[in-house]
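Okay, so here's the structure we're looking at.
The numbers here are math on the coordinates, done by the rules we state, and not lab data. Being a predicted model, the structure only gives us computed values, none of them experimental. Counting neighbours? That spans all protein chains shown, and the Cβs are built from the backbone with ideal geometry, glycine included.
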Amino acid sequence: MDKQQLQSAFITGFSLFLGLTVLGILLGNAAVRFKSFERAVVVKGLSEREIPANIVIWPVTFQDANNNLTTLFESIQKKSSLVIDFMTSHGITREEITIAPPAVVDRYAQTYGSTERVSFRYTATSTVTVYSTNVDQVRKAMSAIIDLGKKGVAIYGEDYRNRTQFLFTGLNDLKPAMIEEATKNARAVAEKFAQDSESELGKIKSALQGQFSIDDRDATTPHIKKVRVVSTVEYYLSD
């Protein structure tokens with residue numbers, strides 16, 4: 001290789017080295033700027049409300065027994081009328097009351113157990129249900145349910161099938177204000193974080209509304225609901 005070719009190769013190699021070095025510096029600076037731009041903080045904001053239920057479903061279940069099926073149905077019908085009269089006397093309208101067909105069990109037709117000690121062949125269970133938006137009025141009636149027992153109506157205790165339910169259906173009216181409050185609370189937390197880290201709080205990078213939950217405030221006040229939402233917001237940070 002002559003001197004001119006050697007010199008040309010050296011210049012080419014040096015130029016390539018210099019170009020790669022400059023490119024590396026530029027990429028390094030770009031990575032630093034990109035990393036700085038991507039600094040962010042993720043915070044959560046809470047919003048809660050205590051809201052009275054706006055719907056109540058109140059099933060009143062009672063039982064009766066007899067050896068004569070016709071007499072049993074007559075008794076069930078009479079007691080259903082007593083229950084309805086009790087409800088309407090406490091301000092519940094007839095349109096808010098429904099009567100389910102009675103469920104009758106023939107103990108002699110059962111394939112298990114002995115019938116020797118069975119006092120009554122037939123037992124019937126009937127349910128009268130109130131579906132109302134007048135929650136306070138229904139609650140007053142519920143507190144006076146003992147009056148039915150005094151009239152000979154044996155009220156069946158609540159279980160998972162005939163449990164009184166209090167519902168709240170006005171969530172859509174609450175959503176905008178609660179989301180706004182949760183977002184404000186999240187920003188307050190983010191601003192405190194930025195202040196403590198000597199940074200500036202930037203725009204929102206991403207946000208997740210979160211799922212609304214509606215629960216009883218506690219076990220003794222199911223007619224009061226706690227509505228809750230947690231929003232997750234990610235903000236950019238800058239020096």
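Annotations for the structure displayed:
- Loop-resident GluC sites (Glu not before Pro) (DSSP state other than H, G, I, E or B) in segment 73-155 with no more than 11 further Cβ atoms inside 10 Å of their Cβ: Glu116.
- Gain upon complete extension [Glu48, Ala207; 0.36 nm per residue less C-alpha separation]: 55.4 nm
- More than 22 Å apart - percent of Cα-Cα pairs taken over segment 56-165: 35
- Rounded FRET efficiency, nearest 0.05, which uses the C-beta distance separating Ala219 from Gln195 and R0 of 45 Å: 0.60
- For the peptides 136-146, 48-58, the ranking by packing is 48-58, 136-146, with the highest mean count of neighbouring Cβ atoms within 10 Å listed first.
- Nonlocal amide H pairs with Val60, under 5 Å, H built at 1.01 Å: Val128, Thr129, Val130
- Whichever lysines have a C-alpha closer than 24 Å to that of Lys226, once near sequence neighbours (fewer than 8 apart) are set aside: Lys44, Lys140, Lys175, Lys184
- Ordering of 150-158, 63-71 by packing [mean C-beta count within 10 Å, highest first]: 63-71, 150-158
- Dipole of segment 79-139 [Lys/Arg +1, Asp/Glu -1 at C-beta], most positive-end residue of Met87, Val135, Gln110: Gln110
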